[in-house]
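One structure is given below, encoded as structure tokens.
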There are 2 protein chains.
Amino acid sequence: MPELRRDPIVGRWVIIATERARRPQDVSRVREAPRGGLCPFCPGQEDKTPPEVYVSGRPPSAAANGPGWKVRVVPNRYPALMIEGDLDREPVGIYDRMNGVGAHEVVIESPDHAAELAGLPETEIAEVLFAFKARILDLRNDLRFRYILLFKNKGANAGATLEHPHSQLIALPVTPRQVAEEIEGARGHFAHRERCIFCDIVLQERKDRSRLVFENEEFVVFAPFAPRSPFETWIVPKRHESNFEAEPKERLGLCAAALRSTLKRLAVALGDPAYNFIIHSNPLRDPPSPSYHWHIEVMPALTHVAGFEWGSGFHINPVPPEEAAEFLRLVAT
Amino acid sequence: MPELRRDPIVGRWVIIATERARRPQDVSRVREAPRGGLCPFCPGQEDKTPPEVYVSGRPPSAAANGPGWKVRVVPNRYPALMIEGDLDREPVGIYDRMNGVGAHEVVIESPDHAAELAGLPETEIAEVLFAFKARILDLRNDLRFRYILLFKNKGANAGATLEHPHSQLIALPVTPRQVAEEIEGARGHFAHRERCIFCDIVLQERKDRSRLVFENEEFVVFAPFAPRSPFETWIVPKRHESNFEAEPKERLGLCAAALRSTLKRLAVALGDPAYNFIIHSNPLRDPPSPSYHWHIEVMPALTHVAGFEWGSGFHINPVPPEEAAEFLRLVAT
């Protein structure tokens, strides 16, 4: 059973895997890889994954766990957390631990092994976002869970090991500290000004335009004022909304357009870089918030800056966001 | 002039380089590399670096910036921050910025290009720690500076580009948020219990022993209870002390022994991995603290886990610290 452990100084929770099959020195080979040359995410290989928990595109008459789907969500075969069990939160001397209870799912974004999310038509990217929403709405019924992390690792440098286009979902019994800090910071701004700080940022970025990359009726894409890494890019809804899963279909369609434009621009500008994106949304058990505002943060993995920087929390970014944004604006998509 | 910019939501400061020599898409080539095959850190090449600000081992009669040294500290030729100028802290709409004023220095750890810090004799590692201390004591006289980050990037995967053994120092006009959080967390523990949390951790680790790697009279080396990455290892003084630079020579000698043992064990156990270490110490303008406790955090760069994890602050560690510690204990050094 994996464990969740809390750092007693700063309160950060980490997942510690406890399976003992590997020797400690084999850590660089921990991630799953296709065996025997067959991709477990390809149509026809549906029996190579655990049974699907969500599917779109397959006619209702067709059998489950067969081909014919557009988006398919399955439990991760090598999950970081286990869906069964009680939390059993307990002290270990001055430390805290609990069982690694949670969900770890894979969102297979397309049946096409060679596709890239950025290259899919807008409607198909929207189908992926609909899948994200459906999974949140289902998993939030499990009262053990407090937060759902939705993210994509694309490319080996960003932590991906399977090529087939996919993103991931981790449902957690705790709220990650970085999310909690963001919520706390936004609450502080609201306490002083009775305005959402993300709404203020959206206003300033749309007025200033120097960091703006793209916008449509509902979403704005920009390089943040203080980016941690080159070409960090945020996708933020213009209208205030704290919860990703509260967005109606039409607005998720416009989100898909913004996401597609962002990923395409990054792919063209930077030569198809590895990247991560993370959906930041309100915790599951909190009421809709006037101060917090969901958004997507996209981080290309361009350099090895992450070494000392992620250990110290102090970042040196060699590319000013104004230059990055200008460069991304000029890309033909 | 580089800039320091503050994220308005979580209050994180980042350094934004603003030199315009490079095109944004060239970010992966931003770091310095030896040109013409000659290493600028080697003896005889002293004129390839800015003039030294500290040196040890060269007889007092010998000329500055010539060979004969054991440890040599020079300003970084491509500094992330500039030593000259005023901070000019100012708002940019809802954002904050200031001039990127600070010091960025390179600590050349040995004249031997092919040496590794882990392979140097204890006395020579101690010379490196004496250099760290001397530079802090000098730079803290500059009242613009609030924090000094001392760190080492070893190997390309950890962000190093020059082979010659060296570490780095960055003096900052702000305290990095992660440091501030650590200090705040330790202060919270002290407020409740009137004990330093690091002292409590040292006690528990020495009693428990399952995560212990090494100890001598003054220092204890262990895998932390909630490590962010495989084989994360901390070196903590047993006696309470908030400031690295307050340590006397003898204790720095024992710190060198602990650091050497740690780096050697990691090198043997993991096949000479890339790694980072960071010295965590009390901010320059704070009085000596009863609640904070300086220490060194060592992070081998083994996997690409840093992708999504460093963006979300949520870490999945496939190696339990008890297994990592056991493995490191058994290594012959």
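The values are calculated or read from the model by the stated rules, or taken from the named source; none is laboratory data. Everything numeric here is computed off the predicted structure, so don't read it as measured data. All Cβ positions, glycine included, derive from the backbone under ideal geometry; neighbour counts span all protein chains shown.
The table that follows gives values for the structure above.
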item	result
Residue count, region B:135-174 (criterion: closer than 15 Å to B:Trp13 by Cβ and buried (at least 19 other Cβ atoms within 10 Å of the Cβ))	9
Residues satisfying the stated conditions in region A:213-234, i.e. out of contact with any His (no Cβ under 6 Å at 6 or more places or on another chain) and in a strand (DSSP E or B)	A:Val213, A:Phe214, A:Glu215, A:Phe219, A:Val220, A:Val221, A:Phe222, A:Thr233
Yes/no for B:Arg187 being surrounded by fewer than 20 Cβ atoms within 10 Å (Cβ to Cβ), among the charged types (D, E, K, R) and within 28 Å of B:Ile125 (Cα to Cα)	no
For B:Lys264: the one exception among (1) in contact (Cβ under 8 Å) with a residue 40 or more places away in the chain; (2) in a helix (DSSP H, G or I); (3) at the interface with chain A (Cβ under 10 Å from one of its Cβ atoms); (4) crowded, with 19+ Cβ neighbours inside 10 Å	(3)
Out of B:Phe277, B:Phe308, sole residue that is at pLDDT below 95, over 20 Å from B:Ser210 (Cβ atoms) and either crowded, with 22+ Cβ neighbours inside 10 Å or facing another protein chain (nearest Cβ under 9 Å) (or both)	B:Phe308
Residues within region B:95-109 that are surrounded by 23 or more Cβ atoms within 10 Å (Cβ to Cβ) and at the interface with another protein chain (Cβ under 10 Å from one of its Cβ atoms), tallied	2
Some residue of region A:217-227 being surrounded by 21 or more Cβ atoms within 10 Å (Cβ to Cβ) and acidic (Asp, Glu)	no
B:Ala114 being over 18 Å from the mean Cα position of the chain (by Cα) and over 21 Å from B:Trp294 (Cα atoms)	yes
Tabulated pairs, region A:52-67, first in the same structural domain as A:Glu109 (by TED's automatic domain parsing), second among the acidic types (Asp, Glu) and part of a loop (DSSP other than H, G, I, E, B), C-beta under 7 angstrom, 6+ apart or interchain	A:Ala64/A:Glu52; A:Asn65/A:Glu52
Of all residues in region B:271-298 being assigned to a strand (DSSP E or B) and in contact with an Asp or Glu (Cβ under 8 Å, 6 or more places away or on another chain), the one that is nearest to B:Asn141 (Cα to Cα)	B:His280
Filtered residues of region A:39-63 (kept if exposed (fewer than 11 other Cβ atoms within 10 Å of the Cβ) and either at pLDDT below 95 or more than 25 Å from A:Lys133 (Cβ to Cβ) (or both))	A:Asp47, A:Pro59, A:Pro60, A:Ser61, A:Ala63
Checklist (1) aliphatic (A, V, I, L, M); (2) in contact (Cβ under 8 Å) with a residue 60 or more places away in the chain; (3) assigned to a loop (DSSP other than H, G, I, E, B) applied to B:Val73, failing item	(3)
Single unsatisfied condition, A:Pro230 versus (1) closer than 21 Å to A:Ile201 by Cα; (2) modelled with pLDDT of 95 or more; (3) touching a Ser or Thr at 6+ places or on another chain (Cβ under 9 Å)	(2)
Flag for B:Glu250 being crowded, with 22+ Cβ neighbours inside 10 Å and not in a loop (DSSP other than H, G, I, E, B)	no
Pick from region B:178-200, criterion in contact with a strand residue (DSSP E or B) (Cβ under 7 Å, 6 or more places away or on another chain) and not aromatic (Phe, Trp, Tyr), ranking: modelled with the highest pLDDT	B:Glu182
Whichever residue in region A:311-333 is more than 7 Å from every other protein chain (Cβ to nearest Cβ) and in a helix (DSSP H, G or I) and, among such residues, is farthest from B:Ile279 (Cα to Cα)	A:Leu330
Matching option when the condition is touching a Lys or Arg at 6+ places or on another chain (Cβ under 6 Å) and in the same structural domain as A:Gly102 (by TED's automatic domain parsing), among A:Ala160, A:Ala156, A:Ala223	A:Ala160
Residue check, B:Leu129 of a type outside the set (Ser, Thr, Tyr) and either farther than 30 Å from B:Arg265 by Cβ or within 12 Å of another protein chain (Cβ to nearest Cβ) (or both)	no
Candidates A:Ala269, A:Ala258, A:Ala186, A:Ala223 - the one that is touching a residue at least 24 places away in the same chain (Cβ under 8 Å), within 14 Å of chain B (Cβ to nearest Cβ) and more than 30 Å from A:Trp13 (Cα to Cα)	A:Ala269
Boolean, A:Ala158 is farther than 30 Å from A:Gly85 by Cβ, touching a residue at least 12 places away in the same chain (Cβ under 8 Å), within 16 Å of the chain's Cα centre (by Cα) and facing another protein chain (nearest Cβ under 8 Å)	yes
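Here's the yes/no breakdown for (1) within 14 Å of chain A (Cβ to nearest Cβ); (2) under 30 Å from A:Lys207 (Cα atoms); (3) without any contact (Cβ under 8 Å) to a residue 12 or more places away in the chain:
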residue	(1), (2), (3)
B:Met82	yes, no, no
B:Gly93	yes, yes, yes
B:Pro111	no, no, no
B:Ile125	no, no, no
B:Arg144	no, no, no
B:Leu150	yes, no, no
B:Asn153	yes, no, no
